[in-house]
Amino acid sequence: MNRVYNFSAGPSMLPEPVLVKAAEEMLDYNGTGMSVMEMSHRSKVYTSIIENAESLLRKLMKIDDSYSVLFLQGGASTQFSMIPLNLFSKYRKADFINTGNWSKKAISEAKLYGTANVIASSEEAKFTYIPEDYKLSEDVDYVHITSNNTLEGTRFVSFPETGNIPLVADMSSEIMSREIDVSRFGLIYAGAQKNLGPAGLTIVIIKNDLIGKHLNITPTMLRYETHSKEKSLYNTPPCYSIYVAGLVFKWLDDMGGVKTIEKINNEKAAILYNFLDESEMFVNKVNKKDRSLMNIPFAAPTDELNEKFIKEAEQAGLSTLRGHRLIGGMRASIYNAMPVEGVIKLVEFMKKFELENK
């Protein structure tokens, strides 16, 4: 088996035990004689799969019954519209902290339905830090942040204090990578394809008292109420993606949960950042205290060296290190499924490359 270390920002690598389990059950799930891909989402067997996935997610993130957990489609990008459509209930206004490409897209969509106040932005510094100097508005329906910025490699180490105003967070690229207090948030959303499972599934964790306040123009399929009432089974959900996500949750739970994986993630990030801080060739431009644990951009002095690095790394089994087209350079995404050994191998290769290309 010729597995590589896959540093893709998403879809990203999955835990190998999860892939092995899914392969074992591909043709016959639990004695049913069929694949999960083939079974009715209304069947008792599938009902147990989706209920088990929700139960494990609630356990891992300590989500109480005052929140609904929704398994949806459309990626985080559809949430950029669903959130204002459902939460613009009183003022039709929201505050945004603009920390990168995905924040900008959320702001753009919110403007279609109301007012998006950008109360702080780090765009003038190419999003290399998380703003701390801002004042929240009083007459808004929610405050929106992107808790981890996949392209730019920054994260909110601590979250804004919003009082009675719901805090909404796009956690697509860091969900379940560190312990958070869910009760601090009105709504958390995340595409699954980075830390939770395969593409096709989007998870929304929403405070129950925010459901049912949608604008009248909101299509039925874009109402949280629709999916909450039907327990994510209003229509055919992304059945197989939910099944694999459930396997990922089981893998993480067996490992010791989010507290355990957070320690591992800190270890992995420290290995790479420590090398970058000592390197005479590679540079990470992110403000140190705002550095992401999940997405680490870096670059050599020239485009030619960047291209050479990417090509030779691929040949060495270190895959998908090319940076986003808007940023350039390289980016190592070291999500939960990336083992410590993968980061060690990357740093060893970077040291070798630096010596050979002085």
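The values are calculated or read from the model by the stated rules, or taken from the named source; none is laboratory data. Model, not experiment: these values are computed from the prediction. Using ideal geometry, Cβ is built from the backbone for each residue, glycine included, and neighbour counts are taken over all protein chains shown. Areas reflect the complete protein model, heavy atoms only, side chains present, ligands, DNA and RNA absent. Shrake-Rupley method; radii C 1.70, N 1.55, O 1.52, S 1.80 Å.
Entry comment: accessible area of segment 175-227 is 34 Å² per residue, from protein heavy atoms only and a probe of 1.4 Å.
Structural descriptor for the chain: relative contact order 23 percent, calculated from alpha carbon pairs under 8 angstrom and at least 6 residues apart. In the context of the full set of protein chains, segment 2-74 has a per residue accessible area of 55 Å² (1.4 Å probe). For segment 131-209, a crude dipole built from +1 on the beta carbon of Lys and Arg and -1 on the beta carbon of Asp and Glu, taken about the Cα centre, is about 360 debye to the nearest 20.
With charges only on Cβ, +1 for K and R and -1 for D and E, what is the dipole size of the chain about its Cα centre, in debye, rounded to 20? Write out the running numbers ahead of the final one.
Numbers: 41 positive and 44 negative charges, 93 e Å.
Dipole magnitude for the chain comes out near 440 debye.
Average accessible surface for segment 238-355: 45 Å² per residue, computed with a 1.4 Å probe over protein heavy atoms with every protein chain in place.
Ordering Asn2, Ala269, Asn117 by Cα displacement along the dipole of the chain toward the positive end leaves Asn117 in first place; charges were set at the Cβ atoms of Lys, Arg (+1) and Asp, Glu (-1). The listed peptides 179-192, 132-145, ordered by packing as a protection proxy, come out as 179-192, 132-145 (highest mean of other Cβ atoms within 10 Å first).
The alpha-carbon atoms of the chain, seen along their principal axes, cover 62, 57, 31 angstrom, with the largest extent given first. Each Lys and Arg adds +1 at its Cβ and each Asp and Glu adds -1 at its Cβ; summed about the Cα centre, segment 202-358 shows a dipole of about 540 debye.
How would you classify segment 191-295 from its alpha-carbon gyration tensor, with a ≥ b ≥ c the square roots of the eigenvalues: rounded for a/c under 1.5, else prolate if a/b is greater than b/c, otherwise oblate?
Numbers: a/c = 2.88, a/b = 1.97, b/c = 1.46.
Because a/c hits 1.5 or more and a/b exceeds b/c, segment 191-295 counts as prolate.
For a 32 Å ceiling on Cα separation, which of these pairs sit above it: Lys44/Lys93; Lys62/Lys229; Lys213/Lys268; Lys93/Lys259; Lys289/Lys352; Lys194/Lys358?
On the way: Lys44/Lys93 43 Å; Lys62/Lys229 22 Å; Lys213/Lys268 42 Å; Lys93/Lys259 36 Å; Lys289/Lys352 28 Å; Lys194/Lys358 34 Å.
As for pairs spanning more than 32 Å Cα to Cα, those are Lys44/Lys93; Lys213/Lys268; Lys93/Lys259; Lys194/Lys358.
Secondary structure note: in the chain, about 55% of the DSSP beta bridges are antiparallel.
Over the chain, dividing the summed -39,500 (n - 2.57) contributions of all DSSP H runs of at least 4 residues by the number of residues returns a 222 nm mean residue ellipticity of -11000 deg cm²/dmol.
Using alpha-carbon pairs under 8 Å, 6+ residues apart, how would you state the relative contact order of segment 163-310 in percent? Mind showing how you got there, number by number?
Details: 143 pairs, mean separation 26.3, N = 148.
18 percent.
For segment 30-85, the share of accessible area belonging to carbon and sulfur comes to 49 percent (1.4 Å probe, ligands and nucleic acids excluded).
For the residues Gln79, Gln315, Gln193, a GNM of the chain with alpha-carbon springs under 10 Å puts the largest fluctuation on Gln315. Descending by average beta-carbon neighbour count within 10 Å, the peptides 259-266, 153-160 line up as 153-160, 259-266, the highest first.
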